[in-house]
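K.L.:
Could you have a look at this structure, given as structure tokens, before my questions?
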Amino acid sequence: MTKHTVTLTDNLTGKQVELDVLDPVMGPKTIDIRRLHKELGFFTYDPGYLATASCSSAITYLDGDEGTLMYRGYPIEQLAEKSTFLEVCNLLLNGDLPTKEEQEDFSSIITHHTMLHDQVQYFYRGFRRDAHPMATMVGVVGALSAFYHDDLDIHDPEQRMRSAHRLIAKMPTIAAWSYRYHMGLPFNQPRNNLKYSEDFLHLMFAVPTEEYVVDPLMAKALDVIFILHADHEQNASTSTVRLAGSSEANPFAAVAAGIASLWGPAHGGANEAVVNMLTSIKDSGKSLEHWVERAKDKDDHFRLMGFGHRVYKNYDPRAKIIRELANEILDRLPPNNPHQKLFDIARELEKVALEDEYFKERNLYPNVDFYSGVIFLSMGIPVSMFTVMFALARTVGWISQWNEMMSDDANRIGRPRQLYTGAMKRDYVPLDKR
Ligand code: CMC
């Protein structure tokens, strides 16, 4: 078979370079530009990496036109329906669906790493009570590097895996304590007799004065939401973890960098924006058509939050799953519950928008964030915790991607180049001559 290459010609000098075309298992072919600078002296310019593969990866595949998302080749729909979050963690980290024994071992390891070192509570106590839980999380997860640094050899695959287990196991405790501290509630210790998502609900909501009974529907819904958010290939926070980790930095510090990136409203903050929008619609008393017209008006900065996606231009496969979950929860909630109205507005708004030519023409469908916020509210999780929930679930993706990078021989310290647009060389002018 002839080798697939592309030839790039410098039209000024006539010099040429022949570049290999790499064939992925799925997705667009990729030009290997590593020889470009050496042979022609050029860099490439691609702000936001819109057309650049920053690494090769065997973890997650998504196709925005088809509306496909797969972890290690398994469609998200099948995993959401048949798997559990801890099994998905094992799959993402280790590459294949585990046997029964392997999964039992994995669950046992995670369960026995959930406690935090006693000193960690003092990091929380250093924060103001009104600190945003994401700010607390960035600090506490970064601080874990101080607990697991001297004895961690990141070139040893076994030790890397131990860090991954620690992060996945401790994240629910860290996340719930951020909330408890904010609320002035005592910290709960994890319980080994509870499953991962059940334990998170217990860590969040149990009070010392009463027995806490986990609602199985809420625990199941949470587990599915965690599965849907577990990984999403090379997004901003994952790329941040890879870049920070490429210098061989401590993995806890690299994941703290990922949490910081996720916090931005353009990344992890959208479900918060959806709930704020639905609340404004409810309080305004205006018709849904009024809001849809506003979203279409180019002179109005209002957009339908939870609609549209940078990559999914057909539909977001996670949105379909989460919509069904929202319906199931809504059917179970008592009538006239405080969140019923928001659910009703969300469902009605989706209908109105999907029948509107503007949204149809532009392929604007609800994304994963459209219903997740209202589900969280119905679980008693406040708006300020929404991005924390995302960080908890995405931790396995970040650490799997970090682990993959650390075992990749092609890995080099991340060092993007630039297109310099500043001043030419000039001489320093003494202060009294300026
Ligand atoms: N409401 C109204 N119009 C919209 C919306 C919206 N939500 N989203 C896109 N459009 C219009 C946009 O004005 C443009 O119209 P025109 O072609 O006439 O100029 C067209 O649709 C294409 O939009 P775009 O901004 O070029 O699309 P994009 O790929 O750059 O933006 C997006 C994607 C997610 C930033 C955008 O759809 C948006 O702002 N949505 C609302 C915020 C949101 O829900 N974000 C969560 C994304 S999912 C998070 C995750 O996967 O982690």
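K.L.:
For the chain, return all DSSP H helices satisfying: extent of Cα atoms along own axis at least 20 Å; mean Kyte-Doolittle hydropathy at least 1.0.
P.N.:
Once both thresholds are applied, what remains is 133-147.
K.L.:
For segment 182-252, report the accessible area per residue in Å² (1.4 Å probe, heavy atoms, rounded to an integer).
P.N.:
On the way: 2950 Å² over 71 residues.
So segment 182-252 comes to 42 Å² accessible per residue, rounded to a whole number.
K.L.:
Could you please state, rounded to a whole Å, how far the C-alpha centre of segment 182-203 is from the C-alpha centre of segment 1-78?
P.N.:
Cα centres, segment 182-203 to segment 1-78: 44 Å.
K.L.:
Between G373, G414, G269, find the one with the highest GNM mean-square fluctuation for the chain; connect C-alpha pairs within less than 10 Å.
P.N.:
In this elastic network of the chain, the residue with the biggest mean-square fluctuation among G373, G414, G269 is G414.
K.L.:
Step through the residues of segment 122-129 one at a time and calculate ³J(HN,Hα) from phi using the Karplus curve (6.51 cos²θ - 1.76 cosθ + 1.60, θ = phi - 60°), rounding each to whole Hz and writing x for Gly and Pro.
P.N.:
So the J values, rounded to whole Hz, are 6, 5, 4, 5, x, 8, 5, 4.
K.L.:
What is the diffusion coefficient of segment 311-385 in µm²/s, taking the Kirkwood radius over Cα pairs and the Stokes-Einstein relation at 37 °C with a viscosity of 0.692 mPa s?
P.N.:
On the way: Rh = 13.2 Å.
Translational diffusion coefficient: 249 µm²/s.
K.L.:
What does the charge add up to near P157, with Lys and Arg as +1, Asp and Glu as -1, over the other residues with Cβ less than 13 Å from its Cβ?
P.N.:
Working: positive: R160, R162; negative: D153, D156, E158, E404, D408.
For residues surrounding P157, the net value is -3.
K.L.:
With r defined as the distance between the Cβ atoms of A51 and V207 and R0 fixed at 60 Å, what FRET efficiency is calculated, to the nearest 0.05?
P.N.:
Using R0 = 60 Å, I get an efficiency of 0.70.
K.L.:
Kirkwood-based Rg over Rh for segment 164-316 (C-alpha set), two decimals?
P.N.:
Values: Rg = 19.3 Å, Rh = 18.7 Å.
Ratio value, two decimals: 1.03.
K.L.:
Something else: Among A146, A353, A221, which one shows the biggest mean-square fluctuation in a GNM of the chain, springs joining Cα atoms closer than 10 Å?
P.N.:
A146
K.L.:
Over segment 13-58, one equal point on each Cα, no solvent: what is log10 I(q)/I(0) by the Debye formula at q = 0.25 Å⁻¹?
P.N.:
-1.07
K.L.:
While we're here: For segment 58-206, what % of the accessible area comes from carbon and sulfur atoms, probe 1.4 Å?
P.N.:
Numbers: 3340 of 6790 Å².
Roughly 49 percent, rounded to a whole number.
K.L.:
Using 1/(1 + (r/R0)^6) with R0 = 45 angstrom and r between the beta carbons of Q119 and E77, what's the FRET efficiency to the nearest 0.05? Provide the component values of the computation, followed by the final result.
P.N.:
Values: r = 43 Å, r/R0 = 0.95.
It comes to 0.55.
K.L.:
Roll a 1.4 angstrom probe over the protein heavy atoms and tell me the percent of accessible area of segment 284-380 that is carbon or sulfur.
P.N.:
Numbers: 2460 of 5120 Å².
Whole-percent figure for carbon plus sulfur exposure: 48.
K.L.:
Take the alpha-carbon positions of segment 362-434, form their convex hull, and give its projected area averaged over all directions (one quarter of the hull surface) in nm². Show your work: numbers first, answer last.
P.N.:
On the way: hull surface 51.7 nm².
If I average the Cα hull's projected area over directions, I get 12.9 nm².
K.L.:
How far apart, in nanometres, would the label points at R303 and Q340 be if each is projected 7 angstrom from Cα along the Cα-to-Cβ direction?
P.N.:
3.4 nm
K.L.:
Please give, to one decimal in nm, the separation of the simple spin-label points placed at Q418 and T99, each 7 Å out from Cα toward the Cβ.
P.N.:
Taking the two extended label points, one gets 5.4 nm.
K.L.:
Want the number for V311 to H155: 0.36 nm per residue separation, take away the alpha-carbon distance, what's left?
P.N.:
Working: separation 156, 0.36 × 156 = 56.16 nm, distance 3.41 nm.
Residue separation times 0.36 nm, minus the Cα-Cα distance, leaves 52.8 nm.
K.L.:
For the chain, what number results from the quotient of the Cα radius of gyration and 2.2 N^0.38 Å? Before the final figure, lay out the partial values.
P.N.:
Values: Rg = 24.0 Å, N = 434, 2.2 N^0.38 = 22.1 Å.
So the Cα radius of gyration is 1.09 times the expected 2.2 N^0.38 Å.
K.L.:
For the residue pair T9 and R434, what label-to-label distance in nm results when each label sits 7 Å from Cα along the Cα-to-beta-carbon direction?
P.N.:
So the label points at T9 and R434 sit 5.0 nm apart.
K.L.:
Arrange the residues C89, C55 by how much accessible surface each exposes, largest first, with a 1.4 angstrom probe. Write out the running numbers ahead of the final one.
P.N.:
Working: C89 0, C55 45 Å².
In descending accessible area the options line up as C55, C89.
K.L.:
Collect residues whose amide H, placed 1.01 Å from N in the peptide plane, falls under 5 Å from the amide H of G308; neighbours closer than 5 in sequence don't count.
P.N.:
Placed amide hydrogens put Y365, N367 under 5 Å from G308.
K.L.:
To continue, here is another question. In vacuo Debye scattering of segment 240-373, one point per C-alpha: log10 I(q)/I(0) at q = 0.09, 0.19, 0.20, 0.22 Å⁻¹?
P.N.:
-0.34, -1.10, -1.18, -1.35
K.L.:
With no solvent and one equal point scatterer per Cα, compute the Debye intensity ratio I(q)/I(0) for segment 58-209 at 0.09 Å⁻¹ and report its log10, rounded to two decimals.
P.N.:
Here log10 of I(q) over I(0) equals -0.35.
K.L.:
Just to check I understand the Karplus step: with θ = phi - 60° and J = 6.51 cos²θ - 1.76 cosθ + 1.60, what whole-Hz values come out for segment 69-83, glycine and proline as x?
P.N.:
Taking θ as phi minus 60°, the curve returns 9, 9, 9, 6, x, 8, x, 4, 4, 5, 5, 5, 7, 10, 9 Hz for segment 69-83.
K.L.:
Using 31 Å as the Cα-Cα cut-off, could you pick out the over-long pairs in K29/K296; K29/K220; K282/K320; K282/K313; K220/K313?
P.N.:
On the way: K29/K296 36 Å; K29/K220 39 Å; K282/K320 24 Å; K282/K313 29 Å; K220/K313 29 Å.
With Cα atoms farther than 31 Å apart: K29/K296; K29/K220.
K.L.:
For segment 17-76, which chymotrypsin sites (Phe, Trp or Tyr not before Pro) are both in a DSSP coil and crowded by at most 15 other Cβ atoms within 10 Å? Spell out each step's value before the answer.
P.N.:
Numbers: sites: F42, F43, Y45, Y49, Y61, Y71; in loops: F42, F43, Y45.
Sparse-neighbourhood loop chymotrypsin sites (Phe, Trp or Tyr not before Pro): F42, F43, Y45.
K.L.:
Okay, next question. Accessible area per residue, 1.4 Å probe, Å², for segment 39-136: what's the number? Intermediate results must be reported in sequence, preceding the final value.
P.N.:
Values: 5630 Å² over 98 residues.
The answer is 57 Å² per residue.
The values are calculated or read from the model by the stated rules, or taken from the named source; none is laboratory data. Since the model is a prediction, treat every value here as computed from it, not as a measurement. Reconstructed Cβ throughout: ideal geometry from the backbone, glycine too, with neighbour counts over all protein chains shown. Keep in mind that these areas ignore ligands, DNA and RNA; they rest on the heavy atoms of the full protein, side chains included. Shrake-Rupley method; radii C 1.70, N 1.55, O 1.52, S 1.80 Å.
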